[in-house]
Amino acid sequence: MSDIKFRVAICGGGVGGLTLALTLSKYPDIVVDVYESTANYSDIGAGVGIWPRAFKVLRKLGHDVERDLLRAAGHKWTEEFVPAINYRKSDQPKGEQIFQLMTKGDLMRFHRSDFHHVLLSHISPSCKVHYGKRLVTYTQPLPSSRGNSPVTLSFTDGSTATCDILVGADGVRSSVRACMMREMAAGSSEARAKAILSCIEPVWSGATAYRTLICAEKLRARDPNHRALKEPTQFFLVYPISLGKYINFAGFALRPELVRTAYQDDADATRPAFNGSWVAELSAAQVAQPFEGFEEETKPLLECVDRGTLWGVHTVKHLPAHNFGRVAILGDAAHAMMPFQGSGAGQGIEDAYLLATVLGHKSTTLATVTHALSVYDKVRRPFSAGVAERSRRNGQLCALQEDVGLKELGEVITKNWEWAWLSELDGAVEEATQMLEGGGTARPLL
Ligand SMILES: Cc1cc2nc3c(=O)[nH]c(=O)nc-3n(C[C@H](O)[C@H](O)[C@H](O)COP(=O)(O)OP(=O)(O)OC[C@H]3O[C@@H](n4cnc5c(N)ncnc54)[C@H](O)[C@@H]3O)c2cc1C
């Protein structure tokens, strides 16, 4: 027991939480418990794409993890330039090719549950995952009396647990974020407290997403050469997953005037709430309706839809910090963003890896962990905020809401997005390590 340096509780076992648990598995002196609100993971639908920058982080988790992920995706790892997404202007009877997005390394495309199961299967047996544990709130001792006192977690079933460090990986409606913002506000002036407390509730971004999985066999029977069977295409976005068994479909509708201000501090005064439940079931006809009149090639796809869901895409405002005392947040809890660069999960993966690196660093102990968490915040928060902004802008560009002609669109979209395949997390990891060792400064904005 004396070899244990601290106990970390991860609230939320989604992509971010499981990546953190998996990365912490390589530090035997850190005890990890994951508290997940659902009873199991059986209901994780839809596809998720991971860009090379985030996939390179996953590769660091070990050869076996990489092998199983590649197997689940049905891809080979490459660092060559490859065609990633084909863009078409399809909201007209005769579609028009716009451009082919080329990326250095492939977009790794997964069924979410396959992705999840690979992560889960590689977590150290010493890490316990507790299902059916929905966190309501936590309390941490005040800095003056902190010492070695634990953080106490309270769950909806009335039970409690303790830990030394709490990480909120509990998604866009994070309970940990809510509690952390209240803690931060308590020591602030009235005006600042108001601004901090306004970050608790996510805001509707102005985007709605129509999501479904289409049975590839059904589409093949109608049109054996349909491009959605082979390649990612952005009419709405479609791409094959599960070794070609399904086609992941995500179509979007935007309120451009809201999208422009999705993360702004003062936006909520006039901002409408999303009208309806955040995720609603749709019939096949309801999924197809917004895309009526689109080019011929879209018809067989839409005819193969059985049902779908409508998502009111909510985002989290840029927060004053992603850490407070011995608590930190990551992934959507910290920066839920618009999905137009397919990077929310990737950013959660980066957060998790960097956070595990600072927690596992030899200089980090229970006495110094608040400093380690502030290093995580300094290095990661500006970067994820930059990605959120770029993702928002990509939505505007794809919806032709910026003054950019179709001819230039490819170049502008590529420039805005190439961070996802031309840059790496390694520099940030090095910088965080230097900061822990007494040097270095925070990275500039993306
Ligand atoms: C339409 C759409 C398409 C997207 N496509 C992509 C893509 O292609 N690539 C990409 O990188 N990103 C994509 N994203 C974003 C991505 O889905 C999210 O960024 C990612 O899932 C966030 O991961 P997370 O682990 O932070 O949160 P989540 O995945 O939301 O996981 C949070 C977990 O915490 C649990 N939880 C919640 N509350 C509590 C509580 N109080 N106590 C305990 N547990 C709790 C939940 O059950 C869940 O398991 C997309 C988003 C949308 C809306």
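The values are calculated or read from the model by the stated rules, or taken from the named source; none is laboratory data. For clarity, every value in this text was computed on a predicted model and none was experimentally measured. Here Cβ is always computed from backbone atoms with ideal geometry, including for glycine, and neighbour counts include all displayed protein chains. Keep in mind that these areas ignore ligands, DNA and RNA; they rest on the heavy atoms of the full protein, side chains included. Shrake-Rupley method; radii C 1.70, N 1.55, O 1.52, S 1.80 Å.
The table that follows gives values for the structure above.
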{"read-out": "Debye, to nearest 20: dipole size of segment 102-177, +1 on Lys, Arg Cβ, -1 on Asp, Glu Cβ", "value": "160"}
{"read-out": "Net charge of Cβ neighbours under 9 Å - reference V8; Lys, Arg +1; Asp, Glu -1", "value": "-1"}
{"read-out": "Solvent-accessible heavy-atom area per residue, rounded to whole Å², over the chain at 1.4 Å", "value": "42"}
{"read-out": "Part-to-part distance (alpha-carbon centres) for segment 341-397 and segment 196-245, which is given in Å", "value": "27"}
{"read-out": "Nearest-10 value in Å² for the accessible area of R307, using the 1.4 Å probe", "value": "150"}
{"read-out": "Neighbourhood charge, 12 Å Cβ-Cβ cut-off, centred on G62 and excluding it, Lys, Arg +1 and Asp, Glu -1", "value": "+1"}
{"read-out": "Packing-based order for 236-248, 160-172, using average beta carbon neighbours within 10 Å, highest first", "value": "160-172, 236-248"}
{"read-out": "Signed unit charges on C-beta, dipole axis of the chain, positive-most listed residue H63, G344, I413", "value": "H63"}
{"read-out": "Solvent-accessible surface (1.4 angstrom probe) belonging to K218, in square angstrom, nearest 10", "value": "70"}
{"read-out": "For segment 203-315, alpha-carbon Rg relative to the globular expectation (2.2 N^0.38 Å, N residues)", "value": "1.19"}
{"read-out": "Carbon/sulfur fraction of accessible area - the chain, other protein chains in place, 1.4 Å, %", "value": "52"}
{"read-out": "Area accessible to solvent at T261, 1.4 Å probe radius, in Å²", "value": "40"}
{"read-out": "Relative pair counts by distance (%), Cα atoms of the chain, 10 Å bins", "value": "4, 21, 32, 26, 13, 4, 0, 0"}
{"read-out": "Mean Cα-pair separation over length for segment 203-315, i.e. relative contact order, pairs under 8 Å, 6 or more apart, %", "value": "42"}
{"read-out": "Bridge type composition, the chain - antiparallel percent by DSSP, nearest 5", "value": "75"}
{"read-out": "Simple Cβ-charge dipole of segment 336-417, Lys/Arg +1 and Asp/Glu -1, about Cα centre, in debye nearest 20", "value": "240"}
{"read-out": "Cβ crowding within 10 Å averaged over residues, with 6-16, 78-88 ranked highest first", "value": "6-16, 78-88"}
{"read-out": "Computed over the chain: relative contact order in percent, which uses C-alpha pairs under 8 Å that are six or more apart", "value": "20"}
{"read-out": "For M108, net neighbour charge (Lys/Arg +1, Asp/Glu -1) across residues whose Cβ lies under 14 Å away", "value": "+4"}
{"read-out": "Cα-centre dipole for segment 203-315 with unit charges at Cβ (Lys and Arg positive, Asp and Glu negative), debye to 20", "value": "320"}
